[in-house]
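Scroll down for the structure; my scribbles are underneath it.
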Amino acid sequence: MRKVNTGGGWAAIVYTLRTARRAGGFRAMWRALRTKNACKTCAFGMGGQRGGMVDERRSFPEVCKKSVQAMAADMQGPIPPEFFERNGFDALRRLTPRELEHAGRLVQPLYAGPQDAGYRPIEWDDAIERCVALFRKTPPNQHFFYVSGRSSNEAGFILQLFARLFGTNNVNNCSYYCHQASGVGLSSVFGSGTATILREDLDRCDLVFVIGGNPASNHPRLMRALMEVRRRGGEVVVINPMVETGLVNFSVPSDARSLLFGSAIASEYVQPHIGGDIALLCGIAKRIEELGAHDEAFLHHCVEDWDAMRDHVRALSWERITEASGVKRGQIERVAEIYAASERTIFSWTMGITHHRHGTDNVRAIANLALLRGMIGKPGAGLLPIRGHSNVQGIGSVGVTPALKKALYEALEKRYGIELPREEGLDSMACMHAAKSGAMRSAWCLGGNFYGANPDARGASEAIGCLDSIVYLSTTLNTGHAHGRAKETLILPVLARDEEPQPTTQESMFSFVRLSEGGERRLDGPRSEVEIIAGLARRVLGDDGPVDWSLMEQHKNIRQAIAAVVPGYEKLARIDETRAEFQIGGRTLHRPAFNTPTGKARMHVTQIPELEIANDELRLMTVRSEGQFNTVVYEEHDLYRHQDRRDVILMNEADVHRFGLAVNERVTVRSATGEMSGIHVRVFRIRAGSAAMYGPEANVLVPTDVDPESRTPAFKSVTITLEREPR
Ligand code: SF4
């Protein structure tokens, strides 16, 4: 496999051209990417009314490989009917995530009952009748609803409304397994759970921390912003146990100089232990205070509990900090000096921070550091949880959560003159436990791959297998359709965002709402998510209730409802006439006015977690490759990590020698939850004592215990042992 020493670049251009040719040709791909639809992949955001490949700053071309991969997947032809004749469940389970994704588009409803050895196509009328019967046969609180962050605000809103009017709050979304700790942590600091900055703020800062993530693979357009920070003489501090090619050097394809010569990204690359973030962040805070570089006035006027936080870091010994973080004092001090010299700092992070049992405290430790120097509440500075799916923040905003925010709750009851269920809804992990215990009988999954996103993959398959029924609304096949089956399983094919017959809306990680125009359907068969949900609600709840579901088949009517009940979405009411996309009010913090009872932000004492491992153990994190997005695998290889296959364990060279192993030797990897055999040993620039494997496959090893506050499993902190396999 050809080794690249920079991210993006010519390799990205060649890959994009090849993918476009495979998907129908460069012109077809260009036309598809230029339509007025929000990008289907990550929440960095582009497209919409400003035109495809244009961002909210009206910059063009703004596109990346991830966007092209997702578009190519939707441009596939239909899965031929004989595919399901040839591939019963045994065969389907042997297919890789990539082979399932590349089988083609789902175009006909599929059904499998308790006696079936595989899926069989059924007609839509039959499928809808079966769905209605599933609702009628099981009490509402034994149903749960899971929504992926790719669905539209409109589909998410009516699904949560339908579920609650049906009688349950068991409504959750994919962020429970990704950024929930950011929402919970940030809300406890300044009363709002989203980024405090605009996209434009990345053009005004002089320092960016990139913590616990690899945006070079998962949010490539952020790399241009980081390149420009460096070009402005600014700094980029990367904190990650793994040295990621694209975070060291990235060649921005749309910038000639960068394309030809590459661009240095990280000015300081810090490799802590997995789980060493709190110790490291407390160490930087300690040094800032020692240097007197903290903003006393800001802390006095705008922050609560600085004294407790100050005393905490003062009491921490440098020995404890360096031992728990795995980072030398000299480097911590260097990072602190870089931070002390900054006037406008942005802290960004992804799941390397949230996928821990102390994930919420990780987020608070980042917020503490930002508050320490007054880096929240002014332009060019602030906090940026780098969100995954393109509308994961939107579906949270429109109410796809087990516990609705008070304002939304009351507004819904007032608008429809109803009393919503009072019983507390179950989050994703709680739904899985309830499925296993038999307390839950039926599941509805709008997009995504609920099975694949779960920890303890074998347990997840068993739990879903305990359900009477599960219904998937999907565009393509994934491992959930093969391993996440109930006694009755239905798959309903849905349209992609740019095939919707009516406009939809999405919210970016910067709280910017886009209007996607939709477009021509590519294939006969799939239906719009809203059409299916509104149709089912009408059949199950009737039209004489508080909601006229026939009206809800019109997206503009749904937008009127969202505008009326969701704080900050008021402008949605007129977007169908004005086509004016907007920034959600009350989210961006360019002044130190916080949405808390005291109006001040709150610091938190974050204890360093006890994470010791034995000598024959390693701490494992599950990662995504450059060839995938979330659980969707587009390519088997991982270009930036130089891996030609996915059944590998990436280890530090010293650990490979310490365990007496050889490169490519096969081992069995075990955790308290599961084991994986035939895994190839690979040397990688990862912190000694830490290891990495690709998810969702490695979720077999991940336990189901969760961060008590965010309810997110610790996908990035699993204790493992290795056993050499006979040669
Ligand atoms: S960075 Fe994200 S939003 Fe931008 S083009 Fe790539 S996948 Fe789409």
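What the table below lists for this structure:
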{"item": "Value of Rg/Rh across the chain [Cα atoms, Kirkwood radius]", "result": "0.95"}
{"item": "Among Ile158, Leu207, Thr719 the positive-end extreme of the charge dipole of the chain (Cβ point charges)", "result": "Leu207"}
{"item": "Ile613 versus Leu291: modelled label distance in nm, points set 7 Å from Cα along the beta carbon direction", "result": "3.2 nm"}
{"item": "Contact order normalised by residue count of segment 618-724, Cα under 8 Å, 6+ apart, percent", "result": "36 percent"}
{"item": "Lysines whose Cα lies under 26 Å from that of Lys487, excluding same-chain neighbours fewer than 8 positions away", "result": "Lys137, Lys436"}
{"item": "Label-point separation in nm, Arg314 to Asp576, each point 7 Å along Cα→Cβ", "result": "6.1 nm"}
{"item": "Beta bridges by DSSP in segment 455-547, antiparallel share as percent, to the nearest 5", "result": "35 percent"}
{"item": "Segment 585-656: mean projected area of Cα convex hull, nm²", "result": "10.1 nm²"}
{"item": "Theoretical gain in end-to-end length, Thr96 to Arg658 [0.36 nm per residue, Cα-Cα removed]", "result": "199.1 nm"}
{"item": "Structure-based [θ]222 nm, the chain - -39500 (n - 2.57) summed over DSSP H runs of at least 4, per residue, nearest 500", "result": "-10000 deg cm²/dmol"}
{"item": "Accessible surface of Met440 - all protein chains present, 1.4 Å probe, nearest 10 Å²", "result": "0 Å²"}
{"item": "Orientation-averaged projected area, Cα convex hull of segment 342-464 (nm²)", "result": "10.6 nm²"}
{"item": "Which of Ala482, Val513, Ser528, positive extreme of dipole for segment 478-533 (C-beta unit charges)", "result": "Ala482"}
{"item": "Entries in Lys378/Lys571; Lys66/Lys716; Lys406/Lys571; Lys66/Lys556; Lys286/Lys600 that, when Cα-Cα distance is taken, lie over 28 Å", "result": "Lys66/Lys556"}
{"item": "Ala439/Lys405 FRET efficiency (R0 45 Å; Cβ-Cβ; nearest 0.05)", "result": "0.95"}
{"item": "For the chain, size of Cβ-based charge dipole, Lys and Arg +1, Asp and Glu -1, in debye", "result": "1480 debye"}
{"item": "Only Lys, Arg (+1) and Asp, Glu (-1) charged, at Cβ; segment 618-724 dipole about Cα centre in debye", "result": "260 debye"}
{"item": "Two-site label geometry, Arg27 and Ala133: point separation in nm, points 7 Å out along Cα→Cβ", "result": "4.9 nm"}
{"item": "Whole-number percent relative contact order across segment 192-314, with pairs defined as alpha carbons under 8 Å at least 6 apart", "result": "19 percent"}
{"item": "Long-range HN-HN contacts of Arg685 with modeled amide H, under 5 Å", "result": "Val243"}
{"item": "Protein-only accessible surface order, largest first, of His312, His433, His143 at 1.4 Å", "result": "His433, His312, His143"}
{"item": "Solvent exposure, largest accessible area first (probe 1.4 Å, DNA, RNA and ligands not counted), of His219, His300", "result": "His300, His219"}
{"item": "Per DSSP, loop GluC sites (Glu not before Pro) in segment 121-223 with at most 11 further Cβ within 10 Å", "result": "Glu123"}
{"item": "Largest to smallest principal axis extent of the C-alpha atoms in segment 618-724, angstrom", "result": "40, 30, 23"}
{"item": "Percent RCO, i.e. relative contact order, over the chain, from Cα pairs under 8 Å lying at least 6 residues apart", "result": "21 percent"}
{"item": "For a label point 7 Å along the Cα-to-beta-carbon line of Asp255, residues of segment 42-76 with backbone N under 17 Å", "result": "55, 57-65"}
{"item": "Loop trypsin sites (Lys or Arg not before Pro), segment 662-708 (other Cβ atoms within 10 Å of the site Cβ: 16 or fewer; DSSP)", "result": "Arg685"}
{"item": "Surface per residue (accessible, 1.4 Å probe) for the chain, Å²", "result": "35 Å²"}
{"item": "Counting DSSP beta bridges with both ends in the chain, the antiparallel % (nearest 5)", "result": "40 percent"}
{"item": "Counting DSSP beta bridges with both ends in segment 618-724, the antiparallel % (nearest 5)", "result": "65 percent"}
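The values are calculated or read from the model by the stated rules, or taken from the named source; none is laboratory data. Given the structure is predicted, the values throughout are model-derived calculations rather than measurements. Here Cβ is always computed from backbone atoms with ideal geometry, including for glycine, and neighbour counts include all displayed protein chains. To get the accessible areas, we keep the full protein, side chains included, count just its heavy atoms, and leave off ligands, DNA and RNA. Shrake-Rupley method; radii C 1.70, N 1.55, O 1.52, S 1.80 Å.
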